[in-house]
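Trainee: My questions all concern the structure below.
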Amino acid sequence: MRRILHLLVISTQREILQWLAWRAFLLTLIINQMVAPLIGLAIWSVALPGNHQISTYYVALLAVQLMTVSYENHTVANGIYDGTFSQQLLKPQPVILGPLGTNIALRVLHLLFGLPLLIIVGIGMGTTWDVRMILLALPALLLAAILRFLFTYLLALSAFWSEQAHAIVSFGETLIFLLGGSAAPIALFPANLHILGEIAPMYALLGFPAEIMSSGLQQSQILSGYGWQILWILVFALALQLIWRSGLRRYTAIGG
Amino acid sequence: MVSVIDVQDLTMVYKAPLREAGLRAALVSVVHRTYREIHAVENISFTVDSGEVVGFIGPNGAGKTTTLKMLSGILHPTRGEVRALGAIPWRREPAFLRQIALIRGSQPISGPGELTVLDSLRFQQLIYEVSDTDFKKSLAVLVEMLDLEQLLRRQIRALSLGERMRCGLALALIYQPRLLFLDEPTLGLDVTAIQMMRRFIATYSRETHATILLTSHYMADVETLCKRIVLIDKGRLQYDGRLEELAATLSSYKLLKVAISDELCPDWSGYGEVVETEDRKVALRVQRDQVAAVTTRLLAECTVIDLAIENPPLERVMDQVYREGIA
């Protein structure tokens, strides 16, 4: 386990160095990730003027977005398409370590580059924060980060069967935008969609930690949210294992 | 001798989509897809003993790379059995993976290009759990043999193709694998780099007794490095044996190189097929069983000042084999 963690840390450091060399591309990725929460912030600030909680929610959502971004459609699917994935199969370490290292590296860089804007927007919109709620949101943030990686990785593995993995991951991103609390906070969903929104994995991987940070949830809702996050992590981890085995069988049967 | 590789009836069949040209066929294929089976490798059997350097050759599309991928564990065969270092490769057990290396001339290095060569070597050390002492020892040897001193602190992305290949070899050999699969290791290299690569592989094999399976389209690589070759074509095994016997087995002719002092050259085509002629020198292609008779006639009818009987160059034999198959 110690060796695996050591490999993960080294792998993350290597990827940070690699991605720093692609600064311009990285910057476009970061800006792209910030657009949706900022649009949400602009629209809902106009729709609900004077509501500081909604501003705080969207700034928190922006932070969650930057800390949970996942690009496995690029890092995993492209490797399957161009055959470099084969090299990973020959290394005596779990294949997932490579994509996971890249994922962590990209999140660190997204937060690092996005932080100045995050602070400016936070101050500019008059957001207010409760340290206790931020601490309560930390486990939710960690679980959201795990869940989003599993979610995107699972969709990216469609590259074993289809050449349209990018489109499939894009569809997943659209669902996250609509149902994850980015287009609108779940609390503002129509009543019949509210329940669905709360239990959907998209909310668990994006909107839930942001809602805790903006003090929008009761203690019972927070506990129930943790529960849903853990449940979805188990479901996606199991699905990932099944899809991985099946995909690998296909890859090794038809050629890399 | 212990077999390091044992391949029995190895077969790999792919299904590839197939359709006619044109819009109608494209639309039909949306709802009704048809496939054809591609027999990339068919019932291949061979063994490789410990320390052997074997040339695995064949024309493009013969199934060489597919076979290497199956032997290294990337591909799962449709049928057949393989044991490499006693393991079933496609189970990809860490103990097996730590002892093998697949080096592809088309892609000698993978991983972040921004890192230096030494960074990447250190990462290999971690992945393959090489002790500091062994790492330093191996590195010193590889730096010496591959002339890497100036490259260690260079970024991988800034390396030339030849430098990449040298570093790719160092990355693959730093953990001292017992079994090497070299897929076109001299692809695209210049003459100097090719010579260096050949010298290195020969020295490495001699000093470490590693087992090497080498594919190359350059017959000089095979001639220099391999005593034995395994030849496949259209997925089937065509020849397995010593290299020097290949020409004799596969080629029914020899080359007679003759130089004469006569002012007037005779009609060379009366002696054999003229391969090349220059001034009073000629290279003749003569049926093996007629060499003695033709030589006698030449010596009797011309003033021969030099005569050599040679097996045809391997490149030429292979060209004939690839085009006409093995009789």
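The values are calculated or read from the model by the stated rules, or taken from the named source; none is laboratory data. None of the values given here were measured: they were computed from a predicted structure. Methodologically, a virtual Cβ is constructed for each residue, glycine included, from the backbone with ideal geometry; neighbour enumeration extends over all protein chains shown.
Trainee: Would a scan of the stretch B:142-150 turn up a residue that is of a type in the set (A, V, I, L, M) and within 24 Å of B:Asn60 (Cα to Cα)?
Mentor: No - not one qualifying residue is present in the stretch B:142-150.
Trainee: Quick one: how many residues across the stretch B:78-99 are farther than 27 Å from B:Thr203 by Cα, within 14 Å of chain A (Cβ to nearest Cβ) and in contact (Cβ under 8 Å) with a residue 40 or more places away in the chain?
Mentor: Adding up the residues that qualify gives 4.
Trainee: Look at A:Ile195 and say whether it is assigned to a helix (DSSP H, G or I), at pLDDT 95 or above and either among the hydrophobic types (A, V, I, L, M, F, W, C) or at negative phi (or both).
Mentor: Values: assigned to a helix (DSSP H, G or I): yes; at pLDDT 95 or above: no; either among the hydrophobic types (A, V, I, L, M, F, W, C) or at negative phi (or both): yes.
So A:Ile195 fails the test.
Trainee: Now a separate question. Among all residue pairs at least 6 apart or on different chains, which show Cβ distances below 8 Å where the first residue, located in the stretch B:1-30, is under 30 Å from B:Pro177 (Cα atoms) and the second is among the acidic types (Asp, Glu) and not in a strand (DSSP E or B)?
Mentor: Cβ pairs passing all conditions: B:Val4/B:Glu52.
Trainee: Give the residue that is nearest to B:Arg178 (Cα to Cα), with candidates limited to residues of the stretch B:77-92 that are surrounded by fewer than 18 Cβ atoms within 10 Å (Cβ to Cβ) and in contact with a strand residue (DSSP E or B) (Cβ under 6 Å, 6 or more places away or on another chain).
Mentor: B:Arg83
Trainee: Suppose we keep only residues that are assigned to a loop (DSSP other than H, G, I, E, B) and not hydrophobic (A, V, I, L, M, F, W, C) within the stretch B:13-33. Which one would you say is farthest from B:Leu75 (Cα to Cα)?
Mentor: The qualifying residue farthest from B:Leu75 (Cα to Cα) is B:Gly22.
Trainee: Give just the number: which of (1) surrounded by 21 or more Cβ atoms within 10 Å (Cβ to Cβ); (2) under 17 Å from the mean Cα position of the chain (by Cα) does A:Ser170 not satisfy?
Mentor: (1)
Trainee: Residues B:Val53, B:Val41: which one is out of contact with any Phe, Trp or Tyr (no Cβ under 8 Å at 6 or more places or on another chain), away from chain A (no Cβ under 14 Å) and crowded, with 20+ Cβ neighbours inside 10 Å?
Mentor: Working: B:Val41 fails: away from chain A (no Cβ under 14 Å).
The match here is B:Val53.
Table: residues versus (1) among the aliphatic types (A, V, I, L, M); (2) modelled with pLDDT under 95.
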site: A:Arg107; (1), (2): no, no
site: A:Gly126; (1), (2): no, yes
site: A:Leu154; (1), (2): yes, no
site: A:Phe160; (1), (2): no, yes
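Trainee: Whether any residue in the stretch A:38-52 is in a helix (DSSP H, G or I) and within 14 Å of chain B (Cβ to nearest Cβ) is what I want to check. So that I can check it myself, show each step before the final result.
Mentor: Of the residues in the stretch A:38-52, the ones in a helix (DSSP H, G or I) are A:38-47, A:52.
Now restrict to residues that are within 14 Å of chain B (Cβ to nearest Cβ): none.
The answer is no; no qualifying residue exists.
Trainee: Next question. Only one of these conditions is not met by A:Arg132: (1) away from every other protein chain (no Cβ under 14 Å); (2) among the charged types (D, E, K, R); (3) surrounded by 16 or more Cβ atoms within 10 Å (Cβ to Cβ). Which number is it?
Mentor: For A:Arg132, the exception is condition (3).
Trainee: Tell me which residues, restricted to the stretch A:82-94, are over 18 Å from B:His76 (Cα atoms) and more than 7 Å from every other protein chain (Cβ to nearest Cβ).
Mentor: Scanning the stretch A:82-94 gives A:Asp82, A:Pro94.
Trainee: Give me the residue from the stretch B:148-205 that is β-branched (Val, Ile, Thr) and in a loop (DSSP other than H, G, I, E, B) and, out of that set, farthest from the chain's Cα centre (by Cα).
Mentor: B:Ile174
Trainee: Looking at (1) more than 14 Å from chain B (Cβ to nearest Cβ); (2) touching a residue at least 24 places away in the same chain (Cβ under 8 Å), which is the only condition A:Arg250 fails?
Mentor: Among (1) more than 14 Å from chain B (Cβ to nearest Cβ); (2) touching a residue at least 24 places away in the same chain (Cβ under 8 Å), A:Arg250 violates only (1).
Trainee: I've got another one for you. Could you run through the stretch A:1-15 and say how many residues are buried (at least 19 other Cβ atoms within 10 Å of the Cβ) and either of a type in the set (A, V, I, L, M, F, W, C) or not in a helix (DSSP H, G or I) (or both)?
Mentor: Of the residues in the stretch A:1-15, 1 are buried (at least 19 other Cβ atoms within 10 Å of the Cβ) and either of a type in the set (A, V, I, L, M, F, W, C) or not in a helix (DSSP H, G or I) (or both).
Trainee: Here are some residues: B:Met165, B:Met219. Which one is at pLDDT below 90 and surrounded by 22 or more Cβ atoms within 10 Å (Cβ to Cβ)?
Mentor: Result: B:Met165 is the single residue among B:Met165, B:Met219 that is at pLDDT below 90 and surrounded by 22 or more Cβ atoms within 10 Å (Cβ to Cβ).
Trainee: Looking at the structure I just gave you, is B:Val294 touching a residue at least 12 places away in the same chain (Cβ under 8 Å), among the aliphatic types (A, V, I, L, M), in contact with a Gly (Cβ under 9 Å, 6 or more places away or on another chain) and over 30 Å from B:Ala62 (Cα atoms)?
Mentor: So B:Val294 passes the test.
Trainee: Of the conditions (1) part of a helix (DSSP H, G or I); (2) touching a Cys at 6+ places or on another chain (Cβ under 8 Å), B:Pro266 clears all except one; give me its number.
Mentor: It fails just one condition, (1).
Trainee: While we're here: Residues of the stretch B:102-116 being more than 8 Å from chain A (Cβ to nearest Cβ) and closer than 22 Å to B:Thr211 by Cβ, which ones?
Mentor: B:Ile103, B:Arg104, B:Gly105, B:Pro108
Trainee: Still on this model: Kindly evaluate B:Ile74 against the criterion of being of a type outside the set (S, T, N, Q), at pLDDT below 90 and buried (at least 19 other Cβ atoms within 10 Å of the Cβ). Reasoning before the result, please.
Mentor: On the way: of a type outside the set (S, T, N, Q): yes; at pLDDT below 90: no; buried (at least 19 other Cβ atoms within 10 Å of the Cβ): yes.
Here the answer is no, as B:Ile74 does not meet what is asked.
Trainee: Name the pairs whose Cβ atoms lie under 8 Å apart, with the first residue in the stretch A:10-28 and facing chain B (nearest Cβ under 10 Å), the second part of a helix (DSSP H, G or I) and acidic (Asp, Glu), and 6 or more positions between them or separate chains?
Mentor: A:Arg14/B:Asp119
Conditions tested, residue by residue: (1) of a type in the set (D, E, K, R); (2) touching a residue at least 40 places away in the same chain (Cβ under 8 Å); (3) closer than 28 Å to A:Gln18 by Cα.
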residue: A:Ile104; (1), (2), (3): no, yes, yes
residue: A:Val108; (1), (2), (3): no, yes, yes
residue: A:Leu112; (1), (2), (3): no, no, yes
residue: A:Leu117; (1), (2), (3): no, yes, yes
residue: A:Phe149; (1), (2), (3): no, yes, yes
residue: A:His166; (1), (2), (3): no, yes, yes
residue: A:Asn192; (1), (2), (3): no, no, no
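Trainee: Here's a check for you: in the stretch B:242-263, which residue that is surrounded by 15 or more Cβ atoms within 10 Å (Cβ to Cβ), under 16 Å from B:Val317 (Cβ atoms) and among the small types (Gly, Ala, Ser) is nearest to the chain's Cα centre (by Cα)?
Mentor: It comes out as B:Ala247.
Trainee: Same structure, new question: Please identify the pairs in which a residue from the stretch B:66-77 that is within 7 Å of chain A (Cβ to nearest Cβ) has its Cβ atom under 8 Å from the Cβ atom of a residue that is assigned to a loop (DSSP other than H, G, I, E, B) and of a type in the set (Phe, Trp, Tyr), counting only partners at least 6 apart or on another chain.
Mentor: No pair meets every condition.
Trainee: Has the stretch B:103-120 got any residue that is polar (S, T, N, Q) and touching a strand residue (DSSP E or B) at 6+ places or on another chain (Cβ under 8 Å)?
Mentor: yes
Trainee: Taking the condition of being more than 14 Å from chain A (Cβ to nearest Cβ) and surrounded by fewer than 16 Cβ atoms within 10 Å (Cβ to Cβ), how many residues in the stretch B:117-142 meet it?
Mentor: Number of matching residues: 6.
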